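Here's the structure we're looking at; comments come further down.
The values are calculated or read from the model by the stated rules, or taken from the named source; none is laboratory data. Owing to the predicted nature of the structure, the values given are computational and were not obtained by experimental measurement. With ideal geometry, Cβ positions are generated from the backbone for all residues, glycine too; neighbour counts draw on all protein chains shown.
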Amino acid sequence: MFRRILIANRGEIALRVIRTAREMGIDTVAVYSEFDRKALHVRMAHRAVALGGNTPRESYLDMDKVIAAAKSSGSEAIHPGYGFLSENAVFAERVMQAGLKWIGPPPAAIRAMGDKITSRRHMRTAKVPVVPGLVDPVDDAKAAREAAREIGYPIALKAAAGGGGKGIRVVHAEKEMEGAFRTASGEALSSFGDGRLYMERYLDSPRHIEIQVLFDEHGNGVSLGERECSIQRRHQKLIEECPSVAITPQVRARMGEIAVQAGRAIGYQNAGTVEFLWSQGEFFFLEMNTRLQVEHPVTEMVYGLDLVREQIEIAAGKRLDAGMGKLQPRGWAIEVRINAEDPFNGFVPSTGTIRNLRAPGGPGVRLDAALYRGMEVGLNYDPMLAKLIVWAENRPMAIQRMIRALQELNVGGVRTSAPAALIVLEDQRFQRGEFDTHFLVGLDLSQPREGEDVIVAAAAGLFRHLAARRRALSSDNLARKAWSDRARSRTTSYPTPGSRGGTR
């Protein structure tokens with residue numbers, strides 16, 4: 001086992017890795033930008049190395065600085081977390097060339113899945129079902145129009161090197177193709193440095209289902225059930241749960257087999273996620289995330305595992321437990337992402353200083369966060385502040401527990417996305433399991449202005465509701481005070497604490 005590892009990341013995922021490593025008796029090394037000098041991951045690691053700079057490019061994305069920090073601190077391995085360099089094949093290669101262990105998949109596997117066109121080719125060869133569409137990229141809008149006639153509308157234009165919902169446009173008719181192609185290609189170029197696009201059929205009312213997989217260095221691979229990730233806003237996940245209300249045990253087993261098949265086809269090792277679109281009783285390969293997922297805690301809570309521990313042990317050469325593939329889901333887990341965004345103003349990023357902080361508690365509640373009072377929230381990094389996760393014996397109980405936990409949560413000083421999650425959780429259709437990836441778009445809680453994100457108007461409605469409740473509570477408090485004043489006038493007054501005759 002490793003004696004010391006470096007975590008090439010920040011925020012809650014850095015803390016997540018640090019905590020597991022501590023339980024395993026492994027020393028941890030944090031790295032940090034100047035902006036993160038006071039961050040919790042810096043304080044909780046055994047040692048911290050400054051990278052300098054304030055932006056990701058000056059710090060967490062600088063391969064030379066990160067590898068130098070690992071070498072100078074005597075680290076034996078690097079855990080990349082998610083985001084930043086976690087799916088960068090060049091970085092993985094350089095880590096290994098430096099004589100360090102990479103706690104992640106082989107660079108070849110990262111490359112195979114990092115490009116959407118290449119990954120589709122690999123999956124077709126491996127007999128994994130993919131969404132009908134093109135294997136090769138389209139060069140211009142004219143070629144896209146010709147291909148769309150063969151595929152059939154609606155179609156989705158997607159960035160070949162994409163991720164995070166960038167570089168995607170849905171085209172419903174031929175007349176929309178020119179503008180959609182230009183916009184998607186431009187966004188792909190600015191986001192990933194690669195403007196290539198590919199096309200696939202846009203599935204009607206799909207659900208986003210992903211399968212957690214683990215592979216060791218000895219050829220063993222297992223799947224650990226599915227996660228439902230259909231509650232999305234602009235292709236960004238808001239709520240995830242495990243298991244999915246739409247997936248039967250038989251389908252779960254089949255999707256798990258296909259996911260393991262996909263991993264074997266590219267020589268995968270360590271933790272990964274195979275993502276599918278589920279539509280009308282069929283599922284199709286979407287992509288593979290060659291890293292730990294943000295939503296991994298829901299799998300952990302339902303399957304009773306520590307996926308970070310599994311990652312570290314696999315990297316150290318351990319074989320997967322023979323019985324792991326036979327694990328069955330127990331109970332239900334839901335995760336809500338708490339982002340620094342203003343739900344009353346188009347979900348624009350919210351900045352400021354964390355002034356108040358109240359974390360929810362109670363049975364089955366977990367908060368993965370790196371928050372503290374006085375923490376500065378800026379624009380240089382991802383807006384996700386925390387992940388709130390709950391577990392309960394069944395889905396209705398998990399939903400009610402999450403509602404209660406969200407009502408307890410208070411992050412003062414910045415706006416958060418929590419009100420949007422509450423709106424979804426309290427919707428009867430969501431509670432019945434009747435939703436897909438378009439759920440937020442069709443959420444009819446108000447009449448938004450044309451072009452306005454519907455959830456903004458819904459959140460504003462919630463804000464008005466909460467304001468009315470506060471006014472009602474204020475009136476109630478005035479009534480209580482009047483009653484209390486009358487009651488005191490009829491009783492004997494006693495010394496106040498700390499005065500003569502009082503108590504201390």
| remark: When every residue in the range 276-323 that is under 22 Å from Met96 (Cα atoms) and small (Gly, Ala, Ser) is compared, the one farthest from the chain's Cα centre (by Cα) is Gly317
| message | Go through (1) within 19 Å of the chain's Cα centre (by Cα); (2) among the hydroxyl-bearing types (Ser, Thr, Tyr); (3) at pLDDT below 95 for Thr273 and report which single condition fails. | response | (3)
| request: Would you please list the contacts, defined by Cβ atoms under 8 Å and residues six or more apart or on different chains, that run from a residue in the range 237-250 that is among the small types (Gly, Ala, Ser) to a residue that is modelled with pLDDT of 95 or more and not in a strand (DSSP E or B)? | output: Ala246/Gly433
| Which of (1) touching a helix residue (DSSP H, G or I) at 6+ places or on another chain (Cβ under 8 Å); (2) within 24 Å of Ile423 (Cβ to Cβ); (3) assigned to a strand (DSSP E or B); (4) not small (Gly, Ala, Ser) is the odd one out, the single condition Val245 does not satisfy? | (3)
| When Gly114 is evaluated against the numbered criteria (1) within 30 Å of Glu76 (Cβ to Cβ); (2) over 28 Å from the mean Cα position of the chain (by Cα); (3) of a type outside the set (Asp, Glu), which criterion, by number, is the only one it fails? | (2)
| task | Taking only the range 410-428 into account, find how many residues are farther than 15 Å from Leu388 by Cα and of a type in the set (Ser, Thr, Tyr). | result | 0
| note | Per the list (1) within 23 Å of Phe215 (Cβ to Cβ); (2) among the β-branched types (Val, Ile, Thr); (3) at pLDDT 90 or above, residue check on Val170 breaks on (1)
| task | Output the helices (runs of 4 or more DSSP H) that fall wholly within the range 81-162 and possess 2 or more residues being among the polar types (S, T, N, Q), or say none. | result | 116-125
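Residues are listed down the side, and each one gets a yes or a no for (1) touching a helix residue (DSSP H, G or I) at 6+ places or on another chain (Cβ under 9 Å); (2) modelled with pLDDT of 95 or more:
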| site | (1), (2) |
| --- | --- |
| Ala315 | no, yes |
| Met324 | yes, no |
| Arg330 | yes, yes |
| Pro360 | yes, yes |
| Val365 | yes, yes |
| Ile399 | yes, yes |
| Arg404 | no, yes |
| Gln407 | yes, yes |
| Only one residue in Gly165, Gly219 is of a type in the set (Gly, Ala, Ser), at positive phi and either part of a strand (DSSP E or B) or touching a His at 6+ places or on another chain (Cβ under 8 Å) (or both), so which one is that? | Gly165
| So which of Asp36, Asp62 ends up being assigned by TED's automatic domain parsing to the domain that holds Phe91, closer than 24 Å to Thr353 by Cβ and modelled with pLDDT of 95 or more? | Asp36
| task | Return yes or no: is Ala370 assigned by TED's automatic domain parsing to the domain that holds Val414, surrounded by 18 or more Cβ atoms within 10 Å (Cβ to Cβ), within 20 Å of Arg43 (Cβ to Cβ) and of a type in the set (Gly, Ala, Ser)? | result | yes
| Cβ-Cβ under 8 Å pairs, at least 6 apart or on other chains, the range 297-313 side farther than 16 Å from Glu12 by Cβ, far side part of a helix (DSSP H, G or I) and at pLDDT below 95 | Leu305/Met324
| So which residues in the range 36-63 are acidic (Asp, Glu), touching a Lys or Arg at 6+ places or on another chain (Cβ under 9 Å) and closer than 25 Å to Ala89 by Cα, if there are any at all? | Glu58
| note | Restricting attention to the range 194-216, the residues that are within 16 Å of Ala156 (Cβ to Cβ), part of a loop (DSSP other than H, G, I, E, B) and in contact (Cβ under 8 Å) with a residue 60 or more places away in the chain number exactly 5
| note | When every residue in the range 335-350 that is surrounded by 15 or more Cβ atoms within 10 Å (Cβ to Cβ) and out of contact with any Lys or Arg (no Cβ under 8 Å at 6 or more places or on another chain) is compared, the one farthest from Trp391 (Cα to Cα) is Pro349
| note | In the range 394-439, anything crowded, with 20+ Cβ neighbours inside 10 Å, under 15 Å from Gly364 (Cα atoms) and of a type in the set (Lys, Arg) is listed as Arg401
